[in-house]
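Asker: Below you'll find the structure I mean.
The values are calculated or read from the model by the stated rules, or taken from the named source; none is laboratory data. As the structure is a prediction and not an experimental result, all values here were calculated from the model. No Cβ is skipped: glycine too gets one built from the backbone with ideal geometry, and neighbour counts run over all protein chains shown.
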């Protein structure tokens with residue numbers, strides 16, 4: 001295994017998300033960095049992973065970047081197209097191993113807010129109205145484990161979130177079970193500075209590893225509570241050269257990796273789709289069928 | 001209060017224009033729900049509602065994009081019961097934000113659920129039951145700010161459950177891959193909440209990318225998710241989801257959407273967009289002409305390259 005020497009923070013995050021997925025996992029995934037992580041996992045160590053998308057599409061094998069949770073890429077080569085309530089019921093039944101969720105604020109017990117920044121105003125007329133739960137509350141409630149992805153800007157990691165959209169461990173200890181939530185709760189918070197995990201007893205977040213070039217002091221300065229640190233603090237594993245190469249193939253115009261949507265012309269976009277189809281179909285053939293021309 | 005579903009139109013030919021269907025089945029003040037999820041959005045329908053000048057409507061939605069944000073910005077909708085409202089990768093729901101944060105163009109009432117529980121509300125309406133229980137929402141702040149979400153202990157097992165009330169909108173607008181004149185609907189891709197929205201509503205307007213014969217429907221009956229007895233009107237509206245994707249039909253026009261979202265950042269930009277793309281264009285055909293048939297053809301053609309590889 002060869003680690004990449006030339007990679008961006010976004011590419012590190014994609015690889016870190018991918019490593020949370022095991023082969024055979026059923027993963028409830030969105031778009032952006034977590035979506036790229038799932039795509040990367042499938043093309044590397046988890047070829048039997050099944051992606052579930054909120055629109056009702058299960059197990060897609062898209063030869064292009066996924067641009068929405070109901071994009072045609074979600075339907076492409078899917079193993080099942082069904083309805084929304086059916087897909088989410090499968091999750092409530094316990095079939096989904098991993099769910100990826102994001103938000104604007106998180107607290108020490110992994111409770112996430114993606115609804116409102118109230119900031120001395122009210123829920124009805126907040127400082128900032130965010131999009132809302134979507135499926136995040138359902139994923140946080142019922143997935144066997146969740147991976148939270150949130151960047152460490154100031155005032156994002158706070159003692160108490162303004163609104164719990166997606167329940168983590170609530171007040172810690174066994175609060176989650178007492179509330180009646182079936183899923184296992186957050187397993188990790190992947191940030192742009194570090195990875196946090198949760199104490200099995202108190203359910204409080206602690207820093208498990210810091211990303212290359214980041215100090216623990218910097219991480220602590222961005223968190224509004226006295227953040228616990230693992231006595232065995234690690235440095236986050238960098239992406240491998242293969243992971244970086246595949247990540248760039250998945251998002252050739254850098255739509256998620258470097259804000260590439262802003263300057264994307266229509267012609268370049270169509271060209272991107274056509275190239276992706278050729279490049280990614282070959283990559284999948286090689287991974288899944290050992291390069292054989294026979295399609296399963 | 002719950003009653004048996006009202007009768008829907010029985011006719012061997014329910015086809016009409018979008019304007020006719022809306023004028024016939026939609027009234028000011030009605031509650032309305034649209035199909036689509038993260039794609040396949042009801043965009044043509046949103047523009048038509050705005051053009052016809054509807055007011056005082058309530059939106060029941062899972063995660064509406066245009067049908068949430070634009071209808072709020074245009075003053076059509078003043079109450080929403082949804083899980084989410086924005087434009088995902090393309091951008092934020094600036095009209096939704098302006099309405100909640102600054103009461104522009106008007107204050108709106110918001111009741112929040114999650115995607116699954118909105119799905120259960122439509123399922124409950126489709127089942128003609130008053131509510132359904134779930135294990136979502138527990139422990140979160142959704143019930144804190146939405147008194148319609150109740151909690152109970154299961155009378156059989158003692159488990160904690162959250163309850164969500166049935167959603168029975170006055171009107172459902174459902175866009176599908178193909179339908180026949182009687183209203184039998186088939187989707188080649190995902191169904192999202194379309195099957196239950198179409199069943200729960202008192203009146204159901206179906207639009208399709210392609211009108212097909214009943215014989216064609218019978219050939220692949222497993223694809224049918226909404227049978228004719230749920231449907232009041234059928235309208236053929238190709239490219240009805242542009243700039244969104246529609247499975248097996250056309251790819252997502254995300255460069256167009258990104259440009260549109262830039263305009264929506266300001267109230268003025270949004271109003272100019274409506275003037276140009278909704279009112280001056282005059283109809284969905286006018287909108288599509290303005291987008292350009294070359295561009296639409298390319299979106300269709302590139303999608304065909306993917307679907308041919310996957311069938």
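Asker: In this structure, is residue B:62 within 13 Å of the chain's Cα centre (by Cα), over 24 Å from residue B:259 (Cβ atoms) and within 12 Å of another protein chain (Cβ to nearest Cβ)? Break it down into steps so the answer makes sense when it comes.
Answerer: Values: within 13 Å of the chain's Cα centre (by Cα): yes; over 24 Å from residue B:259 (Cβ atoms): yes; within 12 Å of another protein chain (Cβ to nearest Cβ): yes.
So residue B:62 passes the test.
Asker: Taking into account only those residues within the range B:93-113 that are in a loop (DSSP other than H, G, I, E, B) and out of contact with any strand residue (DSSP E or B) (no Cβ under 9 Å at 6 or more places or on another chain), which is farthest from the other protein chains (Cβ to nearest Cβ)? Steps first, answer last, please.
Answerer: We begin by selecting, within the range B:93-113, every residue in a loop (DSSP other than H, G, I, E, B); these are B:93, B:103-108, B:113.
Keeping just the survivors that are out of contact with any strand residue (DSSP E or B) (no Cβ under 9 Å at 6 or more places or on another chain) gives B:103-105.
Numbers: B:103: 8, B:104: 12, B:105: 15 Å.
In this case the residue turns out to be B:105.
Asker: Additional query: Of all residues being closer than 23 Å to residue B:239 by Cα and within 14 Å of chain A (Cβ to nearest Cβ) in the range B:197-219, which is surrounded by the most Cβ atoms within 10 Å (Cβ to Cβ)? Just the residue, please.
Answerer: Taking the candidates together, the pick is B:197.
Asker: If you don't mind, another one. Inspect all residues belonging to the range A:135-145 and state whether any of them is more than 7 Å from chain B (Cβ to nearest Cβ) and touching a helix residue (DSSP H, G or I) at 6+ places or on another chain (Cβ under 6 Å). Don't jump to the end; show me each part of the working.
Answerer: Here is the first cut: in the range A:135-145, the residues more than 7 Å from chain B (Cβ to nearest Cβ) are A:136, A:139-140, A:143-145.
Then keep just the ones that are touching a helix residue (DSSP H, G or I) at 6+ places or on another chain (Cβ under 6 Å); that gives none.
Looking through the range A:135-145, none of the residues is more than 7 Å from chain B (Cβ to nearest Cβ) and touching a helix residue (DSSP H, G or I) at 6+ places or on another chain (Cβ under 6 Å).
Asker: Does the range B:241-257 hold any residues that are assigned to a loop (DSSP other than H, G, I, E, B), free of Cβ contacts under 8 Å to residues at least 60 places away in the same chain and at the interface with chain A (Cβ under 7 Å from one of its Cβ atoms), and which are they?
Answerer: Our first condition is that a residue be assigned to a loop (DSSP other than H, G, I, E, B); within the range B:241-257, this holds for B:241-245, B:247-249, B:251-253.
After this cut, where a residue has to be free of Cβ contacts under 8 Å to residues at least 60 places away in the same chain as well, the list is B:251, B:253.
Residue satisfying the conditions is B:251 alone.
Asker: Same structure, new question: Taking only the range A:146-166 into account, find how many residues are more than 16 Å from the chain's Cα centre (by Cα) and within 13 Å of another protein chain (Cβ to nearest Cβ). Quick ask: steps written out before the conclusion?
Answerer: Within the range A:146-166, the subset more than 16 Å from the chain's Cα centre (by Cα) is A:153-165.
Narrowing further to those that are within 13 Å of another protein chain (Cβ to nearest Cβ): A:160-165.
Qualifying residue count for the region: 6.
Asker: Out of curiosity, is residue A:144 modelled with pLDDT of 95 or more, closer than 23 Å to residue A:221 by Cα and surrounded by fewer than 24 Cβ atoms within 10 Å (Cβ to Cβ)? First the steps, then the outcome.
Answerer: Numbers: modelled with pLDDT of 95 or more: yes; closer than 23 Å to residue A:221 by Cα: no; surrounded by fewer than 24 Cβ atoms within 10 Å (Cβ to Cβ): yes.
Considered against the rule, which asks whether it is modelled with pLDDT of 95 or more, closer than 23 Å to residue A:221 by Cα and surrounded by fewer than 24 Cβ atoms within 10 Å (Cβ to Cβ), residue A:144 comes out as no.
Asker: Now for a separate question. For residue B:47, are the conditions met, namely being out of contact with any strand residue (DSSP E or B) (no Cβ under 7 Å at 6 or more places or on another chain), part of a loop (DSSP other than H, G, I, E, B) and crowded, with 20+ Cβ neighbours inside 10 Å? Before the answer, list the steps.
Answerer: On the way: out of contact with any strand residue (DSSP E or B) (no Cβ under 7 Å at 6 or more places or on another chain): yes; part of a loop (DSSP other than H, G, I, E, B): no; crowded, with 20+ Cβ neighbours inside 10 Å: yes.
Criteria not met by residue B:47.
Asker: Can you tell me which of B:120, B:138, B:132 is assigned to a loop (DSSP other than H, G, I, E, B), within 11 Å of chain A (Cβ to nearest Cβ), modelled with pLDDT of 95 or more and within 26 Å of residue A:90 (Cβ to Cβ)?
Answerer: After applying the criteria, what remains is B:138.
Asker: Something else: If I go through the range A:55-79 residue by residue, how many of them are closer than 18 Å to residue A:280 by Cα, under 18 Å from the mean Cα position of the chain (by Cα) and not in a loop (DSSP other than H, G, I, E, B)?
Answerer: 2
Asker: Looking at the range B:24-44, which of the residues that are under 23 Å from residue B:253 (Cβ atoms) and not in a loop (DSSP other than H, G, I, E, B) is farthest from the chain's Cα centre (by Cα)? So that I can check it myself, show each step before the final result.
Answerer: So the first thing to find is which residues in the range B:24-44 are under 23 Å from residue B:253 (Cβ atoms), and the list is B:34-44.
Applying the additional criterion that residues be not in a loop (DSSP other than H, G, I, E, B) yields B:34, B:43-44.
Details: B:34: 2, B:43: 8, B:44: 11 Å.
Here the answer is B:44.
Asker: Taking the condition closer than 25 Å to residue B:38 by Cβ, away from chain A (no Cβ under 14 Å) and touching a residue at least 60 places away in the same chain (Cβ under 8 Å), does residue B:277 pass? Can you show your working first?
Answerer: Values: closer than 25 Å to residue B:38 by Cβ: yes; away from chain A (no Cβ under 14 Å): yes; touching a residue at least 60 places away in the same chain (Cβ under 8 Å): yes.
So residue B:277 fits the description; yes.
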